[in-house]
Each structure stands twice: as C-alpha cells, then as structure tokens.
Amino acid sequence: MTNIILLGPPGAGKGTQARKLVDERNLVQLSTGDMLRDAKASGTEMGNKVADVMAKGQLVTDEIVIGLIEEKLNNSTADGFIFDGFPRTLAQADALGKLLARHGKKLDAVIEMRVDDEALVARITGRFTCGNCGEVYHDQTKPTKIDGVCDACGSTNMVRRADDNADSLRTRLMEYYKKTSPLIGYYYANGDLFSIDGLAEIGEVAGAVAAVLDQQA
C-alpha cells in the first residue's frame, strides 16, 4: 500500500505525474473537487449533505472532506492513494494523519515538485492546446510545424486558457505559497518530505518520483 501527497504550484505537472502513478502503480487519485462532484451526484447520506452545503453556497467543511476520503478508503481495492488538493492547511494535515492511522495506514511520502517561478511563468504563458484533439504545444519549446495548424489532427482551432497569463499565474503562485509553506515545514519535521525538480522533462520527473517511492517501499 502506497499513500502519497503531491505538492507543487499550478503548472508544476502534478496532474501529469498523478496519471502516470494511477496507470503504473494502481493508485487512486483523490481530488477534492472530483470527490465533491461524485458525492453530490451519488444520492448517499454524505452526498446529500455535500449537495445541501453547496446549494447554500457554503464552504464544504474539513469534516465532510475527511468523511469522503474515509468512504474511498473503505471502498477501494487500489494499492494506495494520491492526495490531490488536500490537505491545504495544518488542521487538514492533522486530520488526514489521524484518519489514516485509524485505518492502519500511513503516508509514505510527501513529494514537493519544486519549480523556479520565472521559469514556470515562461512555461505556462507559452502553452496552448488544440481545441479539437487536445494536443499540447508551447511557443518556444514545442511550436506547431505549420503556424496555427495542429501537427496531430490538422485542426486550426488553437486554444489558450484565459488564466495562462503572467499576472494571473503570479497571483496563483502567491496564493499557493501562502497556503502551502506551513505544510512543507510540517511534513519536513515529520520526515515525510521529499523535494524533486518539477521543471525537468516529464520522464525525468517520473523517474525521480519512482525513486522516492521505491526507497520507501
């Protein structure tokens, strides 16, 4: 059983690495947003509670999120979990630790995907995708062979996310660091934190993640 947290700012590649771990190690990615949407549509007692809170425009409490995670722990046959977007605060980190302990489980690693902020801004602001097939491109590192035409499917429907601009990204980075810095110290003090280069090539990052997990096995 392998349970991990991936930490990293927007655009660091957490989603890409999580998908690889799901495919290669039979882990389940527990995204707070996905869990809330699933619960709302489930019709269960917990799901109805989530739907009621969201319908009133209120924030979902830590207790509810922990309850949803507990449901996943009880009902999954996977070989472990990737916690995505949770915990975000020290109180949530404590609650998650206690929940795992109640189920005889533990965190194996908290992997921080470190980035250089300016390099990350350059990476994200140059990014665009094909609106038809989803192929990802970059102005500098992966331009289309023919300007404005997708290499993969020939579509000319190129899309840039509205928030993939320097000002928006720097705001998101500041929010991330304000919320996450205490978690980095918390997990470092617990001996759970491992830092890797989040701006390396995807395969190199995957190799670094695998090395951490194999070391903990």
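A few comments on the model shown:
- Per-region count, segment 70-85, residues over 12 Å from Asn3 (Cα atoms) and surrounded by 14 or more Cβ atoms within 10 Å (Cβ to Cβ): 4
- On inspection, Leu27 qualifies as at pLDDT 90 or above and either surrounded by fewer than 16 Cβ atoms within 10 Å (Cβ to Cβ) or over 30 Å from Thr125 (Cβ atoms) (or both).
- Those residues of segment 183-204 which are surrounded by 13 or more Cβ atoms within 10 Å (Cβ to Cβ) and closer than 14 Å to Leu7 by Cβ, in sequence order: Leu183, Ile184, Tyr186, Tyr187, Tyr188, Asp192, Leu193, Phe194, Ser195, Ile196, Asp197, Gly198
- For Thr144: the one exception among (1) polar (S, T, N, Q); (2) touching a residue at least 40 places away in the same chain (Cβ under 8 Å); (3) touching a strand residue (DSSP E or B) at 6+ places or on another chain (Cβ under 9 Å): (2)
- Subset tally (residues that are out of contact with any helix residue (DSSP H, G or I) (no Cβ under 9 Å at 6 or more places or on another chain) and among the basic types (Lys, Arg)) for segment 43-85: 1
- Residues being in contact (Cβ under 8 Å) with a residue 24 or more places away in the chain and in contact with a strand residue (DSSP E or B) (Cβ under 8 Å, 6 or more places away or on another chain) - total across segment 122-141: 6
- The numbered conditions (1) more than 25 Å from Ala200 (Cβ to Cβ); (2) basic (Lys, Arg); (3) modelled with pLDDT under 90; (4) loosely packed, with under 14 Cβ neighbours inside 10 Å are all true for Arg88 except (4).
- Among residues of segment 132-171 being part of a loop (DSSP other than H, G, I, E, B) and among the β-branched types (Val, Ile, Thr), the one that is nearest to Val121 (Cα to Cα) is Thr141.
The values are calculated or read from the model by the stated rules, or taken from the named source; none is laboratory data. In this text, all values refer to a predicted model and were calculated from it rather than measured experimentally. Quick reminder, even Gly has a Cβ in these numbers, built from the backbone with ideal geometry, and neighbours come from all protein chains shown.
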